[in-house]
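Here's the structure we're looking at; comments come further down.
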Amino acid sequence: MAFHVTVRPANHEFTVEDDETVLEAALRQGFAFPYGCRNGACGSCKGRILSGEVSYGPKRPPALSEENEAAGFALFCQAVPVDDLEIEVREIGAARDIVIKTLPCRVASRTLLAPDVVELRLQLPATERLQFLAGQYLDILLKGGDRRSYSLANAPHDDKQLVLHIKKVPGGRFSDAAFHEMKEKALLRIEGPLGTFILDEASERPRLFVGGGTGFAPLKGMLDHVMETDLDRPHHLFWGARDAAGIYAPEWLRAVAQRAGDHFRFTPVLSDVPAADVAGFPAASGWLHDAVLAAYPDLSNFDVYMAGPPPMINAAKAAFVNAGLPEEQLFYDSFEPAVQPEATAS
Ligand code: FES
């Protein structure tokens, strides 16, 4: 039986399905509740129950003392409602509200997505989770103090593993290892979440997403988040690559298009080869920003999210502002190169 939850002081409301915890239901429906371990050990998800009741199964979680529980506190990562609830939680409103952690993790899988892109799925220890907002990135900490930044390609509600799209950079220290040597279960250290490239969820404008190469990764995380939360307006993704192999998520694109219907459009933009369509979507050719402007000559009423290499971002920024886009409606993540020849972000 589903239960209804009202959250104070924000007055948000959501539903918790059978056997779901309050935290799982909140994240699934796009409410950024605070959390850390998600197993009852850290206390980060603590809030107050103003009315209603929850159950923890046979044992109270370790981070909730008897006195705390008697005083009305709850650990929402473990609490399953047995009643409609009114609760008090300090929701995460911005990236600065999230604790940045340094954590060990293991490579759970390594999948070649394109000839020059590999997907790494990272598994944190069973007692840890990394809370993040869609679009943020993490740093891989390398021996000797170097670090490499990669955007998270998954959405916050789907945080069992951390998903990175690594672009091959010839001679790049980390990308070479990711392509050639790294074994499953390899141990890495990460720091995150980082960055402020996140959705402006207060805005009601239609959104354009513009990604070059692996700049698709944070946009995918944002779109996965939007699909679960506020698919209430048009979203148009433009993804630029040299050729069709660079549009490396055809199944995901088709699934999103099918699920979102009229609220999602996708335009692949190929720079090196002409193509009528890619993965069943009509393609454009040439520069990414030209393709956006051909479809939307007046950008004054859009929010634009872009990620990719600096030349792409700089060209698009100037062109979009000329097309009437107010700067405060432009959000971007520029993948600045690190010490040559490694790139810092995917
Ligand atoms: S106790 Fe750690 S997130 Fe709930």
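The values are calculated or read from the model by the stated rules, or taken from the named source; none is laboratory data. If you're wondering where the values come from, they're calculated on a predicted model, not measured in any experiment. Methodologically, a virtual Cβ is constructed for each residue, glycine included, from the backbone with ideal geometry; neighbour enumeration extends over all protein chains shown.
Numbers at a glance
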| quantity | calculated |
| --- | --- |
| Close pairs (9 angstrom Cβ cut-off, 6 or more residues apart or separate chains): more than 19 Å from F3 (Cα to Cα) in segment 68-92, charged (D, E, K, R) and in a loop (DSSP other than H, G, I, E, B) anywhere | E69/R60 |
| Count - residues of segment 186-204 that are assigned to a loop (DSSP other than H, G, I, E, B) and more than 19 Å from N301 (Cα to Cα) | 4 |
| Among (1) away from the ligand (no atom under 16 Å from the Cβ); (2) in contact (Cβ under 8 Å) with a residue 40 or more places away in the chain; (3) not charged (D, E, K, R), the one test that A177 misses | (2) |
| Near pairs, Cβ below 6 angstrom, 6+ apart or cross-chain, from segment 22-42 (in the same structural domain as P104 (by TED's automatic domain parsing)) to any residue that is within 11 Å of the ligand (Cβ to nearest atom) and of a type outside the set (A, V, I, L, M) | none |
| Residue list for segment 120-138, restricted to those being assigned to a strand (DSSP E or B) and buried (at least 21 other Cβ atoms within 10 Å of the Cβ) | L120, L122, Y137, L138 |
| Residue in segment 176-189 that is in contact with a Cys (Cβ under 6 Å, 6 or more places away or on another chain) and not polar (S, T, N, Q) present | yes |
| Candidate set from segment 158-168 (those that are of a type outside the set (K, R) and more than 17 Å from T127 (Cα to Cα)); member that is farthest from the chain's Cα centre (by Cα) | I166 |
| Test: residue in segment 329-342 that is touching a Phe, Trp or Tyr at 6+ places or on another chain (Cβ under 9 Å), at pLDDT 90 or above, under 23 Å from E119 (Cα atoms) and surrounded by fewer than 21 Cβ atoms within 10 Å (Cβ to Cβ) | yes |
| Residue within segment 250-265 that is buried (at least 22 other Cβ atoms within 10 Å of the Cβ) and within 21 Å of Y332 (Cα to Cα) present | no |
| Residue in segment 285-292 that is in a helix (DSSP H, G or I) and of a type in the set (D, E) present | yes |
